[in-house]
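First comes the structure, then the notes that go with it.
The values are calculated or read from the model by the stated rules, or taken from the named source; none is laboratory data. None of the values given here were measured: they were computed from a predicted structure. Because the Cβ atoms are built from the backbone with ideal geometry, glycine has one as well, and the counts that use them run over all protein chains shown. For accessibility, only protein heavy atoms count, side chains too; no ligands or nucleic acids. Shrake-Rupley method; radii C 1.70, N 1.55, O 1.52, S 1.80 Å.
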Amino acid sequence: MSKMPAVRLASSSLLLLVLMQSGALCARRFRGGRNPQPRRAPPPPTYRGDTTESFPLDFTAVEENMDNFMTQVKNLAQSLYPCSAQKLDYDMKLNFLENTSVTCNDGSSAGYYLKESRGSRRWLIFLEGGWYCFNKENCDSRYDTMRRLMSSSKWPQTKTGTGILSPLPEENPHWWNANMVFIPYCSSDVWSGAAAKTEQSGYAFMGSLIIQEVVKDLYVQVAGGTGVLLNVDRVADLLEGLGHTGIQVRGLSDSGWFLDNKQYHCTDCVDAVGFAPTETIKRGIKYWGGMVPEKCKQIHEGEEWNCFFGYRVFPSIKSPVFVVQWLFDEAQLTVDNIQLTGQPVQEGQWRYIQNLGIELRNTLKDVPAMFAPACLSHEVITRNYWIDVQVKGTSLPRALHCWDRSLHDNRNNKAPPKGCPVHLIDSCPWPHCNPTCPTIRDQFTGQEMSVIQFLMHMGFDVQKMAQQQGMDPSKLLGMLSSGS
């Protein structure tokens with residue numbers, strides 16, 4: 001079995017939500033690749049000088065013909081864009097940074113993918129997740145096996161957005177028409193580095209600088225996961241320094257709330273996976289020239305590694321941040337040396353997994369805006385099923401929309417909207433006790449597993465317990481899922 005080249009602690013994705021007071025910069029042009037062919041693009045309206053164009057909406061039988069209704073909505077939205085009569089682009093186009101001195105690990109140009117939405121004042125800036133490396137040896141191994149995460153040499157010219165980056169209203173009901181920016185991860189430093197390539201390191205680590213240069217190129221702002229927690233205030237300060245005082249910067253952290261807990265099984269650290277997360281971060285900060293928020297740095301002077309863990313850095317962040325975190329994160333379990341493949345887990349592992357959920361709940365209890373399902377998974381906001389997962393009857397898009405509204409109402413001294421929760425955390429005690437969790441598949445066969453099959457694999461005998469209680473297994477699962 002080949003060894004993994006880097007710890008998966010930094011595989012969280014990040015999103016920076018930026019709101020502008022003024023309209024979009026309509027005349028701005030960006031360097032980049034080909035014009036992509038739109039996906040499912042409706043025919044553009046015909047413009048005839050200053051004549052008024054009519055776009056009647058047929059609301060009859062909407063439920064039976066939702067695709068046709070959405071096409072009409074898109075046509076109407078397109079007709080209202082003040083800056084352009086061009087049809088909507090459905091893919092993001094590659095642009096390289098104007099500042100060529102800020103690069104990926106191997107010295108190739110860093111960049112971003114952009115889909116402009118003419119007339120929209122909202123920008124979503126997404127920081128891609130990925131593993132990291134912390135010394136020359138495992139960075140060399142990473143470059144051999146995961147070069148896409150260290151070099152831009154083979155990046156495609158276009159990229160299709162999914163989940164919260166999707167341009168389709170049925171997949172992204174609240175922000176489908178926002179300006180979308182996807183920043184590929186090619187710095188291997190948890191978006192924290194500010195170090196040029198040297199003969200000793202062999203690589204550049206410029207994640208923090210890449211974010212700043214993208215913001216400068218766009219003249220707009222952003223927020224997102226572990227990298228979002230480290231950079232959201234820095235981006236806000238940068239925009240303010242550029243004179244953009246009316247821009248609101250918000251952060252959305254997806255699967256970046258890691259714990260520096262004790263591993264289930266300690267090893268001799270013969271490879272990257274064997275190291276405890278705190279040890280790899282300590283080594284990585286020095287190797288990357290890592291930067292952390294100034295206030296957090298002051299709190300943990302001499303032990304800045306603490307700022308890479310969400311519950312430690314969060315109290316020092318000024319900008320609003322929404323935290324999305326699975327209570328049983330696969331990446332967390334991986335670095336804790338819990339293996340969920342092969343034989344059913346042992347009793348000690350099962351207790352460790354349950355305690356992980358308890359520890360995460362405790363660290364999240366004072367976070368005002370959060371969405372934490374009791375599922376075994378990793379990352380969600382760019383998955384096409386992100387609209388399906390619910391906590392206490394509320395979906396993630398709905399919770400984010402409520403958060404957006406509450407921040408807007410707060411700025412305007414309005415009472416928060418009723419029936420619009422933003423603090424959502426499951427109370428049931430084990431992985432996938434929430435019936436809306438993503439589908440689980442057997443890693444070896446690829447076959448879909450039922451919740452009962454999964455829990456039995458985890459060492460929980462649902463059938464036996466149901467028999468002892470004299471009830472149907474599905475009824476017992478329903479009770480477990482509701483937290484009874």
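At a glance:
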quantity: Criterion (over 29 Å from His174 (Cα atoms), over 16 Å from the mean Cα position of the chain (by Cα) and in contact (Cβ under 8 Å) with a residue 60 or more places away in the chain) met by exactly one of Gln332, Gln354; calculated: Gln354
quantity: Wholly enclosed strands (runs of 3 or more DSSP E) of the range 117-203 bearing at least 1 residues modelled with pLDDT of 95 or more and basic (Lys, Arg); calculated: 158-160
quantity: Candidate set from the range 377-388 (those that are crowded, with 21+ Cβ neighbours inside 10 Å and of a type in the set (A, V, I, L, M)); member that is nearest to Cys437 (Cα to Cα); calculated: Val380
quantity: In the range 183-205, residue farthest from Asp106 (Cα to Cα) [restricted to those that are open to solvent by 10 Å² or more (accessible area, probe 1.4 Å) and touching a Gly at 6+ places or on another chain (Cβ under 7 Å)]; calculated: Ala194
quantity: Ala369, sole failed condition from (1) of a type in the set (Gly, Ala, Ser); (2) without any contact (Cβ under 8 Å) to a residue 60 or more places away in the chain; (3) open to solvent by 10 Å² or more (accessible area, probe 1.4 Å); calculated: (3)
